[in-house]
Structure formats: structure tokens, C-alpha cells
Amino acid sequence: MKLDIIRATCGYGKKKVAENISLSVQSGEVLCLLGPNGVGKTTLFKSILGFLRLMDGEIVLNGENMIKMSKSKLAKVVGYVPQAHTPPFPYTVLDVVLMGRTAHLGMFSSPTDNDRRIAEEALDTLGISFLKDKIYTEISGGERQMTLIARALTQEPDILIMDEPTSNLDFGNQIRVLERINMLSKKGLAVIMTSHFPNHVFLCSTKVALMTKNLFKVGSVDEIVTEENLRSAYGINVKITSTVDESGNIIKACIPLIN
């Protein structure tokens, strides 16, 4: 699987929000999109998902221009995990996850035993099978986020789009979600995610894109997540430091400096 965004310009009506965006991600890679609020990260995601038409450029999935793909085909290729979701009815976790099979069902079809098996396998893959009979609206924020990831996995997509998957989670649940993202990439999924935490890219990303009003850079973690780039993007002083874990791996961290 490969997704290529080629000189894309996106926005609303005649208003350009993000211009000349080019990047690529393929199976097994995690690309993290960093940048301050209001620079067009969500707008770019809406364009990838087919909710917005590009004003210029193109998005190519597996060699096919996305604009030529039907909505049903796109839904089978791309899974989406939103920041937050609260259903209007108290569904069980398994029912929420089963909704991910919608793209594979006919208009008046019901989930089959095979659909249920795929949903339960997604729960098992993420280590949350114990939640399947619980009411979705009554579980914790971290458990809801894992449930949304499981729902996306039941689509059996080639690529996952994740809009701030650790938003509003405590420290422990943030790391658990990042661990699952690493696991999914090792299984061959391509992942594009946004984050407001530069430290997260050191834990799970193979590529980073840094987006501001006047700048778009994409490259390896070491190339993009530098003190100079973060200072320019966010307008604050930062220090990139490193330590060595028990296995001898070098672990980097971004520390904000307060004057």
C-alpha cells in the first residue's frame, strides 16, 4: 500500500487553507503530522478522506487517483479514527466495533458471523476483548479510543488516518495507544496521525511532517524534529535531549523552556 499526496492545495470554497503539500507513506510506516492549531492539518485529513475536494494537486492511493475511487471502495482502503466520539445510543463496545463492517455490507444487510469474528479479532489484537459486552458510553476515555481503533481495523483497511489519537488521554493511556500504533505498523498498516506532542514522534513515528502557515517539511524524525524547527513552528524555546534505556537504545525527548 502506498499513499502519495502530490502538490496538494486544500481549503473551503475559494479559501486556501494548506498549499503545495507533498508527502508519501507506505505499508509499515507511521507518519506523524505536527504543527500549531489552525494551519490546516484537519483540512488535509478531510481531503485525504474524500470529504473535501482538492483545489489543486492530487492524492493517489495504490496508484489510483483518489478522485476516481467510489466512496465504498475508499472506505475499504482507508480507516479513520476521530479525536472523540459519543454515540447517541448506549451500544455495547462490540456493536460499536461491528459498525466498522458497514463498508463491506449491502444496504439492507446485517452483520454475519464472519463480520462478528473480524470485529472480535480486532478487539483481541488491541487487547481489549474484555470490553466487548460493556456499554461504550460507560467506559473510560482510553478504552473508548481503543474501541475506535478496533472499529477502524474491522474495515480491514490498508491505511489508518488518526486525528490526535491521544487527545484528552492521561499519560498512561497515551503510551498504550502509541504502543498499539507501533504494533499495527509492524503488521503492515500505514498510519498517518496528528499530534500536539512532539515527544510522541520519538516513540512511534518513522516519518514526520511539520506544517505551519508558511512552511511544510517532511522527512525522518531526526531531520524534522529539531530545536530550530520546533522553535519556528510553535514560537517557543525548546531543548532536544537524549538518554539511554536499559537495552542501550537512545531515547530522545523534547523539553520546552520557560523564560
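The values are calculated or read from the model by the stated rules, or taken from the named source; none is laboratory data. Treat the numbers as computed from the prediction; the structure is a model and nothing was measured. No Cβ is skipped: glycine too gets one built from the backbone with ideal geometry, and neighbour counts run over all protein chains shown.
Among the residues of the range 17-29, is any of a type in the set (Asp, Glu), closer than 17 Å to Met162 by Cα and surrounded by fewer than 21 Cβ atoms within 10 Å (Cβ to Cβ)? It would help to see each step written out before you state the result.
First, pick out the residues of the range 17-29 that are of a type in the set (Asp, Glu): 19, 29.
So of that shortlist, the ones also closer than 17 Å to Met162 by Cα come out as 29.
Next cut, surrounded by fewer than 21 Cβ atoms within 10 Å (Cβ to Cβ) only: 29.
Yes.
Report yes if Arg151 is under 21 Å from Met1 (Cβ atoms) and surrounded by 13 or more Cβ atoms within 10 Å (Cβ to Cβ), otherwise no. Break it down into steps so the answer makes sense when it comes.
Working: under 21 Å from Met1 (Cβ atoms): yes; surrounded by 13 or more Cβ atoms within 10 Å (Cβ to Cβ): yes.
It is true that Arg151 is under 21 Å from Met1 (Cβ atoms) and surrounded by 13 or more Cβ atoms within 10 Å (Cβ to Cβ).
Looking at Leu105, Leu153, which is the one that is among the hydrophobic types (A, V, I, L, M, F, W, C), out of contact with any Asp or Glu (no Cβ under 7 Å at 6 or more places or on another chain), modelled with pLDDT under 90 and within 21 Å of Val77 (Cα to Cα)?
Among Leu105, Leu153, only Leu105 is among the hydrophobic types (A, V, I, L, M, F, W, C), out of contact with any Asp or Glu (no Cβ under 7 Å at 6 or more places or on another chain), modelled with pLDDT under 90 and within 21 Å of Val77 (Cα to Cα).
With Lys213, Lys239 as the choices, which residue is surrounded by fewer than 16 Cβ atoms within 10 Å (Cβ to Cβ), in contact with a Pro (Cβ under 9 Å, 6 or more places away or on another chain), more than 29 Å from Thr147 (Cα to Cα) and at pLDDT 95 or above?
Working: Lys213 fails: at pLDDT 95 or above.
Within the list Lys213, Lys239, the selection yields Lys239.
Pick out the one residue from Gly79, Gly50, Gly100 that is in a loop (DSSP other than H, G, I, E, B) and either surrounded by 15 or more Cβ atoms within 10 Å (Cβ to Cβ) or assigned by TED's automatic domain parsing to the domain that holds Lys134 (or both). Lay out the reasoning, then the answer.
Working: Gly79 fails: in a loop (DSSP other than H, G, I, E, B); Gly100 fails: in a loop (DSSP other than H, G, I, E, B).
None of the others qualify; the one that does is Gly50.
For the condition assigned to a helix (DSSP H, G or I), in the same structural domain as Met1 (by TED's automatic domain parsing) and within 30 Å of Thr226 (Cα to Cα), what is the one hit in Gln174, Gln145? Reasoning before the result, please.
On the way: Gln145 fails: in the same structural domain as Met1 (by TED's automatic domain parsing).
Testing whether each residue is assigned to a helix (DSSP H, G or I), in the same structural domain as Met1 (by TED's automatic domain parsing) and within 30 Å of Thr226 (Cα to Cα) leaves just Gln174.
For the structure I just gave you, tell me whether Ser242 is in a loop (DSSP other than H, G, I, E, B) and over 14 Å from the mean Cα position of the chain (by Cα). It would help to see each step written out before you state the result.
Details: in a loop (DSSP other than H, G, I, E, B): no; over 14 Å from the mean Cα position of the chain (by Cα): yes.
No; evaluated as a whole, the condition is false for this residue.
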